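A.B. asks: This is the structure, below, for whatever I ask next.
Every number in this text was worked out from the coordinates using simple rules, so none of it is lab data. What you see is a predicted model; the values in this text were computed from it and never measured. Positions of Cβ are generated from backbone atoms using ideal geometry, with glycine treated the same way; all protein chains shown enter the neighbour counts.
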Amino acid sequence: MVATEREIMQYTAAVDLSLFDYLDTATKPTTVIYENGLGFAENLLAQDGSIGIRICNEDFCRALIKRFGKPIVSTSANISGEPAAPNFSSISDEIKTGVDYVVEYKQTDNTAAQPSSIIRWKDGKVEVIRS
């Protein structure tokens, strides 16, 4: 996750700027697969050098990313093969007790979160991978 469009251009090669117009119209969080990730650890890049990045619009996470000064790796809060937790109360105790720190923010919010859409932007067109 990154906080701004500028970071996308810093961490990828040759971004088609019309992508940002598309993202401005997206109705839910959207992760974009970029062909050439730059400056990331090798284990974050796909075998072809691509990487999925989402511009975060959630205030707390955005502030955290800005304060940290680098992109933050994000994943679903679930055990592999299990469904993703839609909110904090649905996260398994195994995960909550297996991490170094749990942020107190939004722990009582039971609103079901939606997984992000995943797209690939190529030649000015969108390829939907997960809607």
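A.B. asks: Which residue, Pro115, Val126, Ser92, has the largest displacement toward the positive end of the dipole of the chain when charges sit on each Cβ (Lys, Arg +1; Asp, Glu -1)?
C.D. replies: Result: Val126, furthest along the dipole toward the positive end.
A.B. asks: Per DSSP H run of n ≥ 4, the term is -39500 (n - 2.57); total these for the chain, divide by its residue number, and report the mean residue ellipticity at 222 nm rounded to 500 deg cm²/dmol.
C.D. replies: -6000 deg cm²/dmol, from helical runs alone.
A.B. asks: Right, here's the next one. For segment 82-131, what D do you get in µm² per second when you plug the Kirkwood radius from alpha-carbon pairs into Stokes-Einstein at 20 °C and 1.002 mPa s?
C.D. replies: Answer, rounded: 159 µm²/s.
A.B. asks: Quick one: what do you get for segment 24-77 if you divide its Cα Rg by 2.2 N^0.38 Å?
C.D. replies: Ratio of Rg to 2.2 N^0.38 Å for segment 24-77: 1.22.
A.B. asks: With bins 5 Å wide starting at 0, give me the P(r) of the chain over every alpha carbon pair, in whole percents.
C.D. replies: Binned Cα distances yield the sequence 2, 9, 17, 22, 21, 16, 10, 4, 1.
A.B. asks: Let me ask something additional. Under unit Cβ charges (Lys, Arg +1; Asp, Glu -1), what dipole magnitude, rounded to 20 debye, does the chain have relative to its Cα centre?
C.D. replies: I would put it at about 180 debye.
A.B. asks: Simple spin-label model, 7 Å along Cα-to-Cβ: Leu38 to Leu64 in nm?
C.D. replies: 2.7
A.B. asks: Here is a follow-up. Which of the lysines could be linked to Lys96 by a straight reach, that is with a Cα gap under 30 Å, when you skip same-chain ones fewer than 8 residues away?
C.D. replies: Counting by Cα, and skipping residues close in sequence, Lys96 has these lysines nearby: Lys28, Lys66, Lys70, Lys106.
A.B. asks: Zone of Ser90 (label point 7 Å along Cα→Cβ, backbone N under 14 Å): which residues in segment 30-62?
C.D. replies: Taking a point 7 Å out along Cα→Cβ of Ser90, no residue of segment 30-62 has its backbone N under 14 Å.
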